[in-house]
Amino acid sequence: MADYSASLDRTVLQSYMDLPSDGRVQCTYVWVDGTGENVRCKTKTVDEEPQLPSDLPTWNYDGSSTWQAEGSNSDMYIVPVALFKDPFRRGKNKLVMCEVQKYDKSPADTNFRYSCNKVMEAAKDAAPWFGIEQEYTLLAQDKHPFGWPKLGYPGPQGPYYCGVGANKVFGRPIVEAHYKACLYAGVKIAGTNAEVMPAQWEYQVGPCEGISMGDHLWISRFIMHRVCEDFGVICTLDPKPMEGDWNGAGAHCNYSTKPMREDGGIVHIKKAIEKLGKRHDEHIRAYDPKNGEDNARRLTGKHETSSIHDFSSGVANRGCSIRIPRQVGEDNKGYLEDRRPSSNCDPYRVTEALVRTTVLDDWESSF
């Protein structure tokens, strides 16, 4: 017998959601758990609509249930750092991106925002901009790709990328719901498209300057998981959800500094690429939660990827580590695309690594 909870009647819920709240506000605190790739949440009632993260109190949760603490000393602190409108409750209600701190107020092991923020402050004169292309795969509740034949496979890759039609794309209502929810929330979502593997999609977030890239991408992921929850579908960020002749999933990071965006900026782009080549191993370790282990399944040199063992760059070449878009090559200014980050990367780690290497030229300082 199917679990009825996966298909609850949402019209019943709506009759309660429309009830007045007497001016009180629900704030959903969102944080990264001990896996470094999953988000958790809990909701607090406050008396007034917060205008700044600092208007909200630091809260706590049981870290022993999120792989972040022992049961004998389990309290972890969640500190509000960014506010977004809540697309699920609407009104004055908020989604709150939080940093996690240990009992002694030091950053949790998976709190990479703390060091990223210091790096962005040190490099603020360079005005680093980022845009991340978040790929993901939709799964049915049995963990099989959504829309795929239950006892087989769809036709080979080819007609699905940016496709249209019931035999080419699966799950578009989820994509559209997520897009609108992000726009409402204030996430800087820039677009979306169907990807090469059926049931795989991509959305883009950016441009965001400095620390805001990580804040916006993490909240966009939270919104995606919540939307999928409502549809009874699973979203996976696994970088290689299906073995075989199927594309993996990445989080390509488009990156520029102020000198790169100015006339003649191609010189600075090429200098940055040279620096990135010298730090390839460090970046690979920073680009997925398992320090390169997840990406090894994806970066094989096939399916529009470079080999994890080699560094390469080229204009309009999607098989390189770093792609210079054709238009950038023609304009002699703009940005570069780092194609190495995995779909389940921590954007704070990715953006920090890029700035440490190309702007600060420093992998040791805590700033």
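The values are calculated or read from the model by the stated rules, or taken from the named source; none is laboratory data. Everything numeric in this text was worked out from a predicted model, so none of it was measured. Note that we place each Cβ from the backbone using ideal geometry, even for glycine, and neighbour counts take in every protein chain shown. Ligands, DNA and RNA are stripped out before the accessible areas are found, and what is left, the full protein with its side chains, is counted by its heavy atoms. Shrake-Rupley method; radii C 1.70, N 1.55, O 1.52, S 1.80 Å.
Observations on the model:
- Counted charge near Asp288, where neighbours are those whose Cβ lies closer than 12 Å (Asp, Glu -1; Lys, Arg +1): +2
- Two-decimal Rg to Rh for region 62-147 - Kirkwood Rh, Cα set: 1.07
- Near Glu202: Cβ cut-off under 11 Å, other residues only, Lys/Arg at +1 and Asp/Glu at -1. The net charge is -3.
- Net +/- balance of residues flanking Thr137 in space, Cβ distance below 15 Å, scoring K and R +1, D and E -1: -3
- Taking every protein chain into account, the accessible area of the chain amounts to 47 square angstrom per residue (probe 1.4 Å).
- When DSSP beta bridges are restricted to pairs lying wholly in the chain, around 90% turn out antiparallel.
- Relative contact order [Cα under 8 Å, 6+ residues apart], region 56-113, whole percent: 27 percent
- Fluctuation leader among Pro149, Pro325, Pro107 - the chain, Gaussian network, Cα springs under 10 angstrom: Pro149
- Taking packing as the residue-averaged number of other Cβ atoms within 10 angstrom, the listed peptides 271-278, 19-26, 76-83 run from highest to lowest as 76-83, 271-278, 19-26.
- Packing-based order for 202-212, 302-312, using average beta carbon neighbours within 10 Å, highest first: 202-212, 302-312
- Percent RCO, i.e. relative contact order, over the chain, from Cα pairs under 8 Å lying at least 6 residues apart: 16 percent
- Computed FRET value (nearest 0.05) for Lys275 with Cys41, which takes r as the C-beta separation and R₀ as 41 Å: 0.60
- A full extension of the chain between Thr300 and Tyr184 corresponds to an added length of 38.0 nm, given 0.36 nm per residue minus the alpha carbon distance.
- The gain in end-to-end length when the Lys118 to Gln26 segment is fully stretched comes to 30.1 nm, 0.36 nm per residue minus the alpha carbon separation.
- Rounded Å value of the spacing that divides the Cα centres of region 256-330 and region 156-230: 23 Å
- Highest to lowest packing among 243-251, 346-354, scored as the average C-beta count within 10 Å: 346-354, 243-251
- For the chain, the square roots a ≥ b ≥ c of the C-alpha gyration tensor eigenvalues yield an a/c of 1.5 or more together with a/b not exceeding b/c, which makes the shape oblate.
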